[in-house]
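For reference, the structure is listed below as structure tokens.
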Amino acid sequence: MSVRIQERFVSYQGSGLLAGERQYFVRMQGCSVLCPIRSVCDEQSALPLTGGELLTPEEIVDAAKSVVAENGWLHLTGGEPMSQKEAVYAILSEAKKADLRVHMQTSGLVLAPRPDFITVSPKVTESGLKHRSGDEMILVYDPAWVSHEVARTLYTRTAFKSYFLQPLWVDGECNAKETVEFCETMNRCGLNWNITGQLHKFFGIK
């Protein structure tokens, strides 16, 4: 089996509960999600379903282990990893054999397997979400579609251990102040949303 990979690199997780963790990132090629922020996605080169380098799951895992060692983190991101569903399952299987932990980030539009840690970053309202539980939900605050009702239903009708709101970055700037204000409103309504950010952008690293 071959996996289409847009890029691979070692860096530090920027957001959520694992912020600051050193991980081997594998950005899988392709995203079939027609999300509301697709036009300002900061990974435009990862969106096409063609292109990238072809690697086997074994090659991916071997490369990750050579960098983060046993019990280290392999991070699957995209694009949308579940656009290559069979490849994700194969990588998880190989990672388990190699004693690597897997962190996967997904939009939640396809029911995903359970790696060691899963982040769901929804790009649809609650009714369109297929993956409805996991370690954390990180909702990018785009006021064009994230309303109070959207945030409320995503929180009350799913079962994640933690919920985060994250600023939207466009052209090197983010709506951090507006995100904090929105988070405060949600918390005053009794919903335990927390704030997170993309620390790697502040540190100027990948």
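Conditions tested, residue by residue: (1) at pLDDT 95 or above; (2) crowded, with 21+ Cβ neighbours inside 10 Å.
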{"site": "Asp99", "(1), (2)": "yes, no"}
{"site": "Ile118", "(1), (2)": "yes, yes"}
{"site": "Val124", "(1), (2)": "no, no"}
{"site": "Thr153", "(1), (2)": "yes, no"}
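Any idea how many residues of segment 184-206 are without any contact (Cβ under 8 Å) to a residue 40 or more places away in the chain and touching a helix residue (DSSP H, G or I) at 6+ places or on another chain (Cβ under 9 Å)?
Adding up the residues that qualify gives 5.
For segment 44-70, what are the residues that are outside any helix (DSSP H, G or I), among the small types (Gly, Ala, Ser) and either more than 27 Å from Lys97 (Cβ to Cβ) or modelled with pLDDT under 95 (or both)?
Gly51, Gly52
In segment 101-160, which residues are assigned to a helix (DSSP H, G or I) and of a type in the set (Ser, Thr, Tyr)?
Start the filter on segment 101-160 by keeping residues that are assigned to a helix (DSSP H, G or I), which leaves 126-128, 148-156.
Those that are assigned to a helix (DSSP H, G or I) and of a type in the set (Ser, Thr, Tyr): Ser127, Thr153, Tyr155, Thr156.
Taking the options Glu70, Glu80, Glu136, name whichever one is more than 20 Å from Arg4 (Cα to Cα), without any contact (Cβ under 8 Å) to a residue 60 or more places away in the chain and among the charged types (D, E, K, R).
Glu70
Within segment 1-43, can you find the residues that are modelled with pLDDT under 95 and in a helix (DSSP H, G or I)?
Hits for segment 1-43 are Arg38, Ser39, Val40.
Go through (1) in a loop (DSSP other than H, G, I, E, B); (2) touching a strand residue (DSSP E or B) at 6+ places or on another chain (Cβ under 8 Å); (3) of a type in the set (Phe, Trp, Tyr) one by one and return the number of the condition Tyr163 breaks.
(1)
Can you tell me how many residues in segment 96-140 are of a type in the set (Gly, Ala, Ser), on the phi < 0 side of the Ramachandran plot and touching a Pro at 6+ places or on another chain (Cβ under 7 Å)?
1
Any residue that is touching a Phe, Trp or Tyr at 6+ places or on another chain (Cβ under 9 Å) and under 20 Å from Tyr24 (Cα atoms) - is there at least one of those in segment 80-100?
Checked segment 80-100: at least one residue is touching a Phe, Trp or Tyr at 6+ places or on another chain (Cβ under 9 Å) and under 20 Å from Tyr24 (Cα atoms).
Which pairs turn up if I take residues in segment 150-164 that are closer than 21 Å to Ala19 by Cβ and look for partners that are of a type in the set (Val, Ile, Thr) with beta carbon separation below 6 Å, at least 6 apart in sequence or on another chain?
Final answer for the pair search is Phe164/Ile138; Phe164/Thr196.
The values are calculated or read from the model by the stated rules, or taken from the named source; none is laboratory data. Predicted, not measured: the structure shown is a model, and the values here were computed from it. When we count neighbours, we look across all protein chains shown, and the Cβ atoms used for this are built from the backbone with ideal geometry, even at glycine.
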